[in-house]
Every structure is written in structure tokens, then in C-alpha cells.
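**Q** Sharing a structure below in C-alpha cells format, with a few things to ask.
The values are calculated or read from the model by the stated rules, or taken from the named source; none is laboratory data. None of these values were measured; they are calculated from a predicted model. For neighbour counting, all protein chains shown are included, and Cβ atoms are generated from backbone atoms with ideal geometry for every residue, glycine included. Surface accessibility is based on the protein's heavy atoms, side chains included, excluding ligands, DNA and RNA. Shrake-Rupley method; radii C 1.70, N 1.55, O 1.52, S 1.80 Å.
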Amino acid sequence: MYMQVERRTSSCLHLKRAPGIRSWSLLVGILSIGLAAAYYSADSLGWKLFYVTGCLFVAVQNLEDWEEAVFDKSTGKVMLKTFSLYKKLLTLSRVGHDQVVVLLNDIRDVNVEEEKVRYFGKGYVVMLRFATGFSHPLTQSAVMGHRSDVEAIAMLIATFLELHRLESPVELSQSSDSEADGPEDQS
């Protein structure tokens, strides 16, 4: 699952993401190596603690972040929040929280991009495209596997922000008139 819908109203779309099963499995696997090394070694207590804390450090480093996105039409802002347990433990402060705030009016498009995931192949991520030409991913890490899950979230966001509205008949006729006038002027 790419992201889960926490709350959806006409004025607010709240999406959340927590570490997946692969991430938790990797944490348990790496921590198990440290515990096994400590249990079966004949080393002193200091070395055994080093084995466990070293493996815990590596395991937490590989744990994915908790992420959430709040699209709020009443404030006109998008808030993208990230919480990293690794940063929190490493700095022992509030540094583990990252937050990006963007105006809703600045978002021009939402689409899915493919990223290479080292050792595993392809991953997919939702990209927010802004009026300034800048792009920002909805989440910091790509999800492997089902592109359809990521596309569904992208479509949900685009629908909520009304980005893929059909042009009104007046706009369509104006654009077709300008296209029709263009070739006649050149000949």
C-alpha cells in the first residue's frame, strides 16, 4: 500500500503512510543477527551490548519513515510531514520531524514517476508539479510493485484538487478559434 486515506471530506484530504512489512521484516532480521551474536558469543558483556546496539542502529537506519500529507482547502495549503525514527534516535531531539508547506494554488499537476530502487528494480512515487516548474515527491521513498496503487492516490489527489477538469465549452471554442486563425495567417 502506497498511502492510506485517513480522512476525506470536501475541504480536506489526509493521507498517511507507515513503514511496510518489508521494512519491519528487515528490522527484525538485522536485530536478530545482533541478538544471536550476543547470545552465542563468549565475549564480555560490553561486546555483547555492542553487537546488539550496532545491529539495532543499522536496523533502525533501514526502517522507512512515517509520512503524511494534508491537503486543506480551507487554509489553501498542503502540509507534507515526515517522521524518521533514525534521525530522532541519532540526534535525541525533535530533528526527526520534517515538514514542507505549499500553497494549493501552486500545484499544477500530479503524476506518477518511476524510480530505480537499488538492488530491487523499479519503484513508483507520486510527484507534485508546481507552477514554478519545481517538482516535489509526495513521499520520500518509492513503493515497489503495484503501480496501480500509486496511480489511484495520484488520481485521488488530482480529483480533490480539481486539476483534471474538462474545459468549459467557451474555453474550447476560444482555443479552437485561435488554432484555426493561426494557419490562415501564415499562408
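**Q** Does the range 80-94 contain any residue that is of a type in the set (Val, Ile, Thr) and open to solvent by less than 40 Å² (accessible area, probe 1.4 Å)?
**A** Within the range 80-94 (the criterion being of a type in the set (Val, Ile, Thr) and open to solvent by less than 40 Å² (accessible area, probe 1.4 Å)), the answer is yes, since at least one residue qualifies.
**Q** Would you check which residues across the range 85-100 are more than 14 Å from the chain's Cα centre (by Cα) and not polar (S, T, N, Q) and list them?
**A** Leu85, Tyr86, Lys87, Lys88, Leu89, Leu90, Leu92, Arg94, Val95, Gly96, His97
**Q** A further question on this structure: Filter the range 131-146 down to residues that are surrounded by 14 or more Cβ atoms within 10 Å (Cβ to Cβ) and hydrophobic (A, V, I, L, M, F, W, C), then give me how many there are.
**A** 4
**Q** If you don't mind, another one. Regarding Asn62, is this residue more than 17 Å from Glu162 (Cα to Cα), open to solvent by 70 Å² or more (accessible area, probe 1.4 Å) and either of a type outside the set (Lys, Arg) or free of Cβ contacts under 8 Å to residues at least 40 places away in the same chain (or both)?
**A** yes
**Q** For Leu90, are the conditions met, namely being within 21 Å of Val28 (Cβ to Cβ), in a helix (DSSP H, G or I) and modelled with pLDDT of 90 or more?
**A** So Leu90 fails the test.
**Q** Evaluate the following for Leu35: is it touching a Cys at 6+ places or on another chain (Cβ under 9 Å) and open to solvent by 80 Å² or more (accessible area, probe 1.4 Å)?
**A** The answer is yes for Leu35.
**Q** Output the number of residues of the range 95-123 satisfying the condition of being more than 17 Å from His136 (Cα to Cα), open to solvent by 70 Å² or more (accessible area, probe 1.4 Å) and among the hydrophobic types (A, V, I, L, M, F, W, C).
**A** Residues meeting the conditions: 2.
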